[in-house]
Amino acid sequence: MNALVNMAAEVPENPLIPPIPELVIGLVAFFIVFGFLAKKLLPNINKVLEERRTLIEGRMEEAEATQTEAQQVLADYRAQLADARHEAARLRQEAQEQGATLIAEMRAEGQRQREEIIAAGHAQIEADRKAAAQSLRQDVGTLAIDLAGKLVGESLEDHARQSRTIDRFLDEVEAKAASDATKAEAGR
């Protein structure tokens, strides 16, 4: 063995090339470890990687489906919102039209009531005027009879004669007033 050692001492060693027995033992150990990893560990690693890939792909598909669904829901929401706005505008327009119609009806009703009140007022005024004229006619007649009785010096107690005299006198006054009013209108 000394010879081997001497021979080994004479050949200069290259640091990059390992000794042959170490190289053989290293290669055998490498192939044993590689075989063990290829048989036991590599299938488990591939299985885990495949599961992760499947899980990731599934989640991506779910995310895409969810995104598609969300976009559909958003489109539906926007359509419903547009419909609601359109309906609100239509209802607002109908309310304005109904309000205008109601205001017109209330004005017409107010105008009608005003006309009724004015007509009732005119009728009341005419009735009061007639009653006042009748009362005035009686009072003027009574005063005229009293005055005529004092002037003549005798009593004019005959009621029928008094009425005829009073009526004739008042008719003459009214006729004269009517002719004066006609002349005034013709002069305009």
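The values are calculated or read from the model by the stated rules, or taken from the named source; none is laboratory data. Keep in mind it's a predicted model, so treat the numbers as computed, not measured.
If a residue has to be at pLDDT below 70 and part of a helix (DSSP H, G or I) to count, how many in segment 1-43 make the cut? Number of matching residues: 9.
Counting only residues that are in a helix (DSSP H, G or I) and at pLDDT below 70, segment 149-162 holds 7 of them.
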